[in-house]
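The values are calculated or read from the model by the stated rules, or taken from the named source; none is laboratory data. Not measured: the values here are computed from a predicted model. For neighbour counting, all protein chains shown are included, and Cβ atoms are generated from backbone atoms with ideal geometry for every residue, glycine included. With ligands, DNA and RNA removed, areas are computed over all heavy atoms of the protein, side chains included. Shrake-Rupley method; radii C 1.70, N 1.55, O 1.52, S 1.80 Å.
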Amino acid sequence: MLRFVREHAPCSRADIAASTGLNKATVSSLVADLIERGLMRETGLTENRVGRPATMLVLDGSPYAAVGIEINVDYLTAIAVDLSGRRLLTWRRTFAGPAVTSGQAVTAVAALARRVLTRMTKEARRVLGLTVAVPGLVDLTGGVRIAPNLGWTDVDLAGDLGRALRGPDFPILVDNDANLGALAEHRFGSFGDTDNLVYVTGEAGTGAGVIMDGRLRRGGQGFSGEFGHIQIDPCGPTCGCGRPGCLEAVAGIARVSTDKPVFPFSPAEIEPRIDEMARLAAAGDRQALNALVGIGTDLGRGLAILVNLLNPQAVVLGGHYVPLASWLIPAAEAEVRRLVIAPDAGGCRIVASGLGYGAAALGGAARVLDSVDSGRLPGRG
(Lines give C-alpha, C1' and ligand atoms only; values in the text may rest on other atoms or scores of the structure.)
Protein backbone atom coordinates (compact mmCIF):
# COMPACT_ATOMS: atom_id res chain seq x y z
CA MET A 1 0.00 0.00 0.00
CA LEU A 2 2.82 2.43 0.78
CA ARG A 3 4.44 1.69 -2.58
CA PHE A 4 1.12 2.17 -4.38
CA VAL A 5 0.40 5.50 -2.71
CA ARG A 6 3.97 6.71 -3.32
CA GLU A 7 3.60 5.94 -7.03
CA HIS A 8 -0.03 7.08 -7.54
CA ALA A 9 -0.78 9.77 -4.95
CA PRO A 10 -3.17 11.39 -4.50
CA CYS A 11 -5.39 8.33 -4.57
CA SER A 12 -8.43 7.05 -2.72
CA ARG A 13 -9.09 3.96 -0.63
CA ALA A 14 -11.18 2.64 -3.52
CA ASP A 15 -8.23 3.15 -5.90
CA ILE A 16 -6.01 1.12 -3.56
CA ALA A 17 -8.56 -1.67 -3.26
CA ALA A 18 -9.10 -1.88 -7.01
CA SER A 19 -5.39 -2.00 -7.79
CA THR A 20 -4.13 -4.26 -5.00
CA GLY A 21 -7.01 -6.73 -4.85
CA LEU A 22 -7.53 -6.11 -1.14
CA ASN A 23 -11.11 -5.74 0.02
CA LYS A 24 -12.34 -2.32 1.09
CA ALA A 25 -12.56 -3.18 4.77
CA THR A 26 -8.95 -4.34 4.84
CA VAL A 27 -7.81 -1.23 2.99
CA SER A 28 -9.67 1.02 5.43
CA SER A 29 -8.09 -0.77 8.39
CA LEU A 30 -4.58 -0.57 6.96
CA VAL A 31 -4.98 3.09 5.99
CA ALA A 32 -6.04 3.89 9.56
CA ASP A 33 -2.95 2.07 10.84
CA LEU A 34 -0.62 3.94 8.47
CA ILE A 35 -2.19 7.29 9.35
CA GLU A 36 -1.70 6.51 13.04
CA ARG A 37 1.97 5.74 12.37
CA GLY A 38 2.38 9.09 10.60
CA LEU A 39 3.16 7.45 7.26
CA MET A 40 0.07 8.56 5.36
CA ARG A 41 -2.44 11.41 5.59
CA GLU A 42 -5.72 12.48 4.10
CA THR A 43 -5.63 15.47 1.79
CA GLY A 44 -9.23 16.51 1.11
CA LEU A 45 -11.91 15.40 -1.32
CA THR A 46 -12.05 15.04 -5.06
CA GLU A 47 -15.20 15.33 -7.15
CA ASN A 48 -13.58 14.46 -10.47
CA ARG A 49 -15.12 11.00 -10.56
CA VAL A 50 -18.44 9.23 -10.90
CA GLY A 51 -20.37 8.87 -7.63
CA ARG A 52 -19.66 10.33 -4.22
CA PRO A 53 -16.56 12.48 -3.64
CA ALA A 54 -13.63 10.45 -2.29
CA THR A 55 -11.15 11.34 0.43
CA MET A 56 -7.71 11.33 -1.13
CA LEU A 57 -4.53 9.98 0.43
CA VAL A 58 -0.86 10.93 0.13
CA LEU A 59 2.32 9.85 1.88
CA ASP A 60 3.12 11.82 4.99
CA GLY A 61 6.29 10.67 6.68
CA SER A 62 7.02 14.17 7.96
CA PRO A 63 8.00 12.81 11.40
CA TYR A 64 10.67 10.58 9.83
CA ALA A 65 14.01 10.66 8.02
CA ALA A 66 16.16 8.13 6.16
CA VAL A 67 19.90 8.78 6.05
CA GLY A 68 22.63 7.72 3.64
CA ILE A 69 26.36 8.42 3.95
CA GLU A 70 28.89 7.75 1.21
CA ILE A 71 32.56 7.10 1.97
CA ASN A 72 34.72 8.01 -1.00
CA VAL A 73 38.46 8.33 -1.28
CA ASP A 74 38.42 12.11 -0.90
CA TYR A 75 35.03 13.06 0.49
CA LEU A 76 32.11 12.03 2.69
CA THR A 77 28.57 12.82 1.62
CA ALA A 78 25.51 12.71 3.87
CA ILE A 79 21.94 12.92 2.59
CA ALA A 80 18.71 12.75 4.56
CA VAL A 81 15.27 12.43 2.97
CA ASP A 82 11.74 12.13 4.25
CA LEU A 83 9.40 9.27 3.41
CA SER A 84 8.39 10.82 0.09
CA GLY A 85 12.04 11.24 -0.93
CA ARG A 86 12.19 15.00 -0.39
CA ARG A 87 15.72 16.00 0.54
CA LEU A 88 16.11 17.38 4.03
CA LEU A 89 19.85 17.99 3.85
CA THR A 90 22.88 17.32 1.64
CA TRP A 91 26.32 17.73 3.19
CA ARG A 92 29.71 17.02 1.64
CA ARG A 93 32.96 17.01 3.60
CA THR A 94 36.57 16.49 2.56
CA PHE A 95 38.07 13.18 3.63
CA ALA A 96 41.61 11.85 3.24
CA GLY A 97 40.49 8.26 2.74
CA PRO A 98 43.71 6.46 1.74
CA ALA A 99 45.71 8.39 4.35
CA VAL A 100 43.65 7.30 7.37
CA THR A 101 43.05 3.98 9.08
CA SER A 102 39.66 2.29 9.06
CA GLY A 103 39.30 3.24 12.73
CA GLN A 104 39.91 6.89 11.95
CA ALA A 105 37.41 6.63 9.10
CA VAL A 106 34.79 5.25 11.49
CA THR A 107 35.42 8.23 13.79
CA ALA A 108 34.93 10.66 10.90
CA VAL A 109 31.76 8.96 9.65
CA ALA A 110 30.34 8.79 13.18
CA ALA A 111 30.99 12.51 13.68
CA LEU A 112 29.15 13.33 10.46
CA ALA A 113 26.31 10.96 11.37
CA ARG A 114 25.93 12.60 14.80
CA ARG A 115 25.59 16.01 13.15
CA VAL A 116 22.85 14.65 10.88
CA LEU A 117 21.08 13.03 13.84
CA THR A 118 21.26 16.29 15.80
CA ARG A 119 19.69 18.18 12.90
CA MET A 120 16.91 15.61 12.55
CA THR A 121 16.22 15.72 16.29
CA LYS A 122 15.90 19.51 16.17
CA GLU A 123 13.35 19.08 13.37
CA ALA A 124 11.44 16.54 15.51
CA ARG A 125 12.15 13.74 13.05
CA ARG A 126 12.81 10.12 13.92
CA VAL A 127 15.61 8.48 11.93
CA LEU A 128 14.42 5.18 10.45
CA GLY A 129 17.84 3.94 9.43
CA LEU A 130 21.34 4.74 8.20
CA THR A 131 23.04 3.12 5.21
CA VAL A 132 26.73 3.65 4.49
CA ALA A 133 28.09 3.33 0.95
CA VAL A 134 31.63 1.99 0.51
CA PRO A 135 33.72 1.64 -2.67
CA GLY A 136 34.61 -2.01 -2.22
CA LEU A 137 33.43 -5.57 -1.70
CA VAL A 138 30.70 -5.69 0.94
CA ASP A 139 29.34 -9.08 1.97
CA LEU A 140 25.72 -9.86 2.77
CA THR A 141 26.29 -9.19 6.49
CA GLY A 142 27.55 -5.67 5.76
CA GLY A 143 31.23 -6.48 6.35
CA VAL A 144 33.73 -4.71 4.09
CA ARG A 145 35.92 -7.53 2.81
CA ILE A 146 38.20 -5.34 0.73
CA ALA A 147 38.15 -1.69 -0.34
CA PRO A 148 41.42 -1.28 -2.24
CA ASN A 149 41.16 2.45 -2.89
CA LEU A 150 40.72 3.00 0.85
CA GLY A 151 43.31 0.40 1.87
CA TRP A 152 40.77 -1.60 3.91
CA THR A 153 40.58 -5.35 4.47
CA ASP A 154 37.97 -7.15 6.61
CA VAL A 155 36.42 -4.16 8.37
CA ASP A 156 33.26 -4.63 10.45
CA LEU A 157 32.03 -1.18 9.50
CA ALA A 158 28.42 -1.64 10.63
CA GLY A 159 29.49 -2.98 14.01
CA ASP A 160 32.22 -0.40 14.54
CA LEU A 161 29.93 2.45 13.56
CA GLY A 162 27.15 1.14 15.80
CA ARG A 163 29.52 1.14 18.74
CA ALA A 164 30.79 4.61 17.88
CA LEU A 165 27.18 5.87 17.85
CA ARG A 166 26.48 3.98 21.13
CA GLY A 167 23.89 1.56 19.83
CA PRO A 168 21.31 3.76 18.12
CA ASP A 169 17.67 2.65 17.98
CA PHE A 170 17.72 2.35 14.18
CA PRO A 171 19.47 -0.15 11.89
CA ILE A 172 22.89 0.62 10.42
CA LEU A 173 23.48 -0.98 7.02
CA VAL A 174 26.56 -1.07 4.80
CA ASP A 175 26.51 -1.64 1.04
CA ASN A 176 28.63 -1.22 -2.07
CA ASP A 177 28.49 2.28 -3.58
CA ALA A 178 27.50 1.04 -7.07
CA ASN A 179 24.60 -0.98 -5.63
CA LEU A 180 23.32 2.08 -3.83
CA GLY A 181 23.81 4.27 -6.88
CA ALA A 182 21.59 1.83 -8.78
CA LEU A 183 18.93 2.01 -6.05
CA ALA A 184 19.02 5.81 -6.20
CA GLU A 185 18.55 5.80 -9.98
CA HIS A 186 15.73 3.30 -9.72
CA ARG A 187 13.86 5.25 -7.07
CA PHE A 188 14.72 8.89 -7.82
CA GLY A 189 16.39 9.05 -11.23
CA SER A 190 15.15 9.61 -14.76
CA PHE A 191 14.70 5.85 -15.21
CA GLY A 192 12.62 5.24 -12.10
CA ASP A 193 10.09 3.28 -14.11
CA THR A 194 12.80 1.07 -15.63
CA ASP A 195 12.99 -2.41 -14.10
CA ASN A 196 16.26 -3.38 -15.79
CA LEU A 197 19.15 -0.95 -15.51
CA VAL A 198 22.85 -0.81 -14.71
CA TYR A 199 24.44 2.09 -12.83
CA VAL A 200 28.18 2.56 -13.45
CA THR A 201 30.16 4.55 -10.91
CA GLY A 202 32.68 7.02 -12.21
CA GLU A 203 34.58 7.64 -9.03
CA ALA A 204 38.09 6.54 -8.03
CA GLY A 205 36.91 2.99 -8.76
CA THR A 206 34.58 1.72 -11.47
CA GLY A 207 31.75 -0.53 -10.30
CA ALA A 208 28.31 -1.50 -11.55
CA GLY A 209 25.04 -1.79 -9.64
CA VAL A 210 22.49 -4.04 -11.36
CA ILE A 211 18.72 -3.76 -11.14
CA MET A 212 16.94 -6.70 -12.80
CA ASP A 213 13.19 -7.23 -12.80
CA GLY A 214 12.91 -4.28 -10.43
CA ARG A 215 15.27 -5.73 -7.80
CA LEU A 216 18.89 -5.09 -6.90
CA ARG A 217 21.05 -8.13 -7.63
CA ARG A 218 23.96 -8.67 -5.22
CA GLY A 219 25.04 -12.22 -6.12
CA GLY A 220 25.72 -15.21 -3.89
CA GLN A 221 27.89 -13.42 -1.32
CA GLY A 222 27.17 -9.80 -2.23
CA PHE A 223 30.17 -9.35 -4.51
CA SER A 224 28.49 -8.80 -7.87
CA GLY A 225 29.12 -5.71 -9.96
CA GLU A 226 32.93 -5.57 -10.04
CA PHE A 227 32.68 -4.18 -13.54
CA GLY A 228 35.97 -2.31 -13.28
CA HIS A 229 37.89 -5.58 -13.12
CA ILE A 230 36.72 -7.02 -16.41
CA GLN A 231 39.91 -7.43 -18.43
CA ILE A 232 39.69 -5.26 -21.55
CA ASP A 233 43.32 -5.34 -22.71
CA PRO A 234 45.69 -8.13 -21.50
CA CYS A 235 48.62 -5.92 -22.52
CA GLY A 236 47.14 -2.78 -21.00
CA PRO A 237 48.26 -0.76 -17.97
CA THR A 238 48.34 -2.38 -14.56
CA CYS A 239 45.21 -1.82 -12.48
CA GLY A 240 45.18 -0.95 -8.79
CA CYS A 241 44.20 -4.59 -8.14
CA GLY A 242 47.54 -5.68 -9.64
CA ARG A 243 46.12 -7.23 -12.80
CA PRO A 244 46.83 -5.91 -16.31
CA GLY A 245 44.29 -4.21 -18.53
CA CYS A 246 41.24 -4.01 -16.24
CA LEU A 247 38.54 -1.64 -17.45
CA GLU A 248 39.24 0.54 -14.40
CA ALA A 249 42.80 1.03 -15.70
CA VAL A 250 41.97 1.58 -19.38
CA ALA A 251 38.69 3.51 -19.11
CA GLY A 252 38.32 4.53 -15.48
CA ILE A 253 38.66 8.01 -14.09
CA ALA A 254 42.39 7.56 -13.45
CA ARG A 255 42.81 7.04 -17.22
CA VAL A 256 40.58 10.01 -18.03
CA SER A 257 42.68 12.30 -15.86
CA THR A 258 46.11 11.14 -17.07
CA ASP A 259 47.59 9.31 -20.03
CA LYS A 260 49.34 6.72 -17.86
CA PRO A 261 47.36 5.94 -14.70
CA VAL A 262 49.45 5.17 -11.66
CA PHE A 263 47.85 3.42 -8.67
CA PRO A 264 47.32 4.58 -6.06
CA PHE A 265 46.70 8.07 -7.42
CA SER A 266 45.87 11.36 -5.74
CA PRO A 267 42.07 11.82 -5.65
CA ALA A 268 42.48 15.56 -5.07
CA GLU A 269 43.87 15.89 -8.58
CA ILE A 270 40.92 14.24 -10.32
CA GLU A 271 38.28 16.97 -10.41
CA PRO A 272 40.57 19.73 -11.73
CA ARG A 273 41.83 17.39 -14.45
CA ILE A 274 38.29 16.34 -15.39
CA ASP A 275 37.25 19.99 -15.58
CA GLU A 276 40.27 20.80 -17.75
CA MET A 277 39.57 17.85 -20.05
CA ALA A 278 35.95 18.99 -20.47
CA ARG A 279 37.10 22.56 -21.18
CA LEU A 280 39.58 21.42 -23.82
CA ALA A 281 37.07 19.11 -25.48
CA ALA A 282 34.42 21.85 -25.56
CA ALA A 283 36.99 24.13 -27.21
CA GLY A 284 37.63 21.52 -29.89
CA ASP A 285 41.12 20.49 -28.75
CA ARG A 286 41.99 17.56 -31.02
CA GLN A 287 44.21 15.76 -28.50
CA ALA A 288 41.52 15.88 -25.79
CA LEU A 289 38.81 14.77 -28.20
CA ASN A 290 40.90 11.82 -29.43
CA ALA A 291 41.65 10.79 -25.86
CA LEU A 292 37.98 10.84 -24.90
CA VAL A 293 36.99 8.86 -28.00
CA GLY A 294 39.59 6.22 -27.10
CA ILE A 295 38.44 6.00 -23.49
CA GLY A 296 34.78 5.94 -24.53
CA THR A 297 35.52 3.11 -26.94
CA ASP A 298 37.24 1.06 -24.23
CA LEU A 299 34.35 1.80 -21.89
CA GLY A 300 31.96 0.62 -24.60
CA ARG A 301 33.85 -2.68 -24.87
CA GLY A 302 33.17 -3.32 -21.21
CA LEU A 303 29.57 -2.14 -21.43
CA ALA A 304 28.96 -4.47 -24.37
CA ILE A 305 29.73 -7.42 -22.09
CA LEU A 306 27.12 -6.21 -19.61
CA VAL A 307 24.56 -5.57 -22.35
CA ASN A 308 25.08 -8.98 -23.95
CA LEU A 309 24.80 -10.67 -20.55
CA LEU A 310 22.00 -8.69 -18.88
CA ASN A 311 20.07 -6.87 -21.65
CA PRO A 312 19.38 -3.76 -19.52
CA GLN A 313 17.05 -1.07 -20.77
CA ALA A 314 19.52 1.60 -19.68
CA VAL A 315 23.13 1.97 -18.57
CA VAL A 316 23.53 5.08 -16.42
CA LEU A 317 26.99 6.61 -16.08
CA GLY A 318 27.63 8.42 -12.81
CA GLY A 319 30.31 10.30 -10.92
CA HIS A 320 33.13 11.89 -12.91
CA TYR A 321 31.86 10.36 -16.15
CA VAL A 322 28.97 12.84 -16.12
CA PRO A 323 30.85 16.06 -17.10
CA LEU A 324 32.54 14.11 -19.93
CA ALA A 325 29.43 12.25 -21.06
CA SER A 326 28.90 14.33 -24.22
CA TRP A 327 32.14 12.90 -25.64
CA LEU A 328 32.32 9.48 -23.95
CA ILE A 329 28.78 8.27 -24.70
CA PRO A 330 28.83 8.49 -28.53
CA ALA A 331 32.05 6.46 -28.67
CA ALA A 332 30.74 3.96 -26.11
CA GLU A 333 27.43 3.61 -27.97
CA ALA A 334 29.20 2.91 -31.25
CA GLU A 335 31.24 0.13 -29.65
CA VAL A 336 28.19 -1.33 -27.91
CA ARG A 337 26.27 -1.41 -31.20
CA ARG A 338 29.25 -3.11 -32.85
CA LEU A 339 29.70 -5.79 -30.20
CA VAL A 340 26.19 -6.54 -28.92
CA ILE A 341 24.53 -9.35 -30.85
CA ALA A 342 20.93 -8.23 -30.24
CA PRO A 343 19.48 -5.83 -32.82
CA ASP A 344 19.74 -2.17 -31.84
CA ALA A 345 21.88 -3.16 -28.83
CA GLY A 346 18.90 -4.91 -27.29
CA GLY A 347 17.13 -1.58 -26.85
CA CYS A 348 19.71 -0.39 -24.31
CA ARG A 349 20.37 3.34 -23.89
CA ILE A 350 23.55 4.81 -22.41
CA VAL A 351 22.86 8.00 -20.48
CA ALA A 352 24.45 10.28 -17.90
CA SER A 353 23.10 10.36 -14.36
CA GLY A 354 21.29 13.47 -13.20
CA LEU A 355 21.77 12.71 -9.50
CA GLY A 356 25.22 14.24 -9.08
CA TYR A 357 28.07 13.04 -6.89
CA GLY A 358 25.69 12.16 -4.05
CA ALA A 359 24.02 9.23 -5.84
CA ALA A 360 25.42 6.55 -3.53
CA ALA A 361 24.45 8.48 -0.38
CA LEU A 362 20.98 9.06 -1.83
CA GLY A 363 20.80 5.35 -2.59
CA GLY A 364 21.67 4.65 1.05
CA ALA A 365 18.60 6.62 2.09
CA ALA A 366 16.60 4.81 -0.62
CA ARG A 367 17.57 1.45 0.89
CA VAL A 368 16.09 2.56 4.20
CA LEU A 369 12.89 3.65 2.45
CA ASP A 370 12.75 0.31 0.61
CA SER A 371 12.75 -1.47 3.97
CA VAL A 372 9.78 0.65 5.08
CA ASP A 373 7.95 -0.13 1.84
CA SER A 374 8.61 -3.81 2.55
CA GLY A 375 6.80 -3.62 5.88
CA ARG A 376 9.43 -2.70 8.45
CA LEU A 377 7.26 0.06 9.86
CA PRO A 378 7.99 2.47 12.72
CA GLY A 379 5.78 2.22 15.80
CA ARG A 380 2.49 4.06 16.10
CA GLY A 381 2.71 7.74 17.06
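Things worth noting here:
- Comparing S353, S28, S102 in a Gaussian network model of the chain (Cα springs below 10 Å), the most mobile by mean-square fluctuation is S28.
- Cβ charges +1 (Lys, Arg) and -1 (Asp, Glu), total dipole of the chain, debye: 960
- Seen against the Cα atoms of the chain and their longest principal axis, helix 102-122 is set at about 30 degrees.
- Note: relative contact order over the chain, using C-alpha pairs below 8 Å and six or more positions apart, is 17 percent.
- Sequence of H186, H8, H229, H320 from largest to smallest accessible area, 1.4 Å probe: H8, H229, H186, H320
- Full extension of the chain between C235 and S326 gives 29.9 nm of extra length, using 0.36 nm per residue less the Cα-Cα distance.
- The stretch 297-313 - phi-based ³J(HN,Hα) in whole Hz, Karplus 6.51/-1.76/1.60, Gly and Pro as x: 5, 5, 4, x, 4, x, 4, 4, 4, 4, 5, 4, 7, 10, 6, x, 6
- Cβ-defined net charge surrounding L303, 13 Å radius [Lys, Arg +1; Asp, Glu -1]: +1
- Relative intensity of the chain on a log10 scale, I(q)/I(0) at q = 0.09 Å⁻¹, equals -0.56, per a Debye sum over C-alpha point scatterers of equal strength in the absence of solvent.
- Residue-span extension gain [D33 to N308] - 0.36 nm each, minus C-alpha spacing: 94.4 nm
- Angle between the chain longest axis and helix 270-282 axis [Cα atoms, degrees, rounded to 10]: 80
- Cα gyration tensor shape of the stretch 3-139, rounded if a/c is under 1.5, else prolate or oblate by comparing a/b with b/c: prolate
- FRET efficiency estimate (nearest 0.05) - Cβ-Cβ, I146 to R93, R0 30 angstrom: 0.80
- Selected from D82, D175, D156 as most flexible by GNM, with the chain as the system and alpha-carbon contacts under 10 Å: D156
- Overall, the anisotropy analysis places the stretch 62-114 in the prolate class: the square-rooted eigenvalues a ≥ b ≥ c of its C-alpha gyration tensor yield a/c not less than 1.5, with a/b exceeding b/c.
- Residues of the chain: accessible area per residue with a 1.4 Å probe, Å²: 44
- Solvent-accessible area of the stretch 234-381 (1.4 angstrom probe, protein heavy atoms only): carbon and sulfur portion equals 52 percent.
- A simple rule links phi to the HN-Hα coupling: the Karplus curve 6.51 cos²θ - 1.76 cosθ + 1.60 with θ = phi - 60°, which for the stretch 171-183 gives x, 10, 10, 10, 8, 5, 5, 5, 4, 6, x, 5, 4 Hz, with x for Gly and Pro.
- Cα gyration tensor category, rounded, prolate or oblate, for the stretch 271-381 with a/c compared to 1.5: oblate
- Across the stretch 1-148, the mean sequence separation of Cα contacts (distance under 8 Å, 6 or more residues apart), normalised by length, yields a relative contact order of 18 percent.
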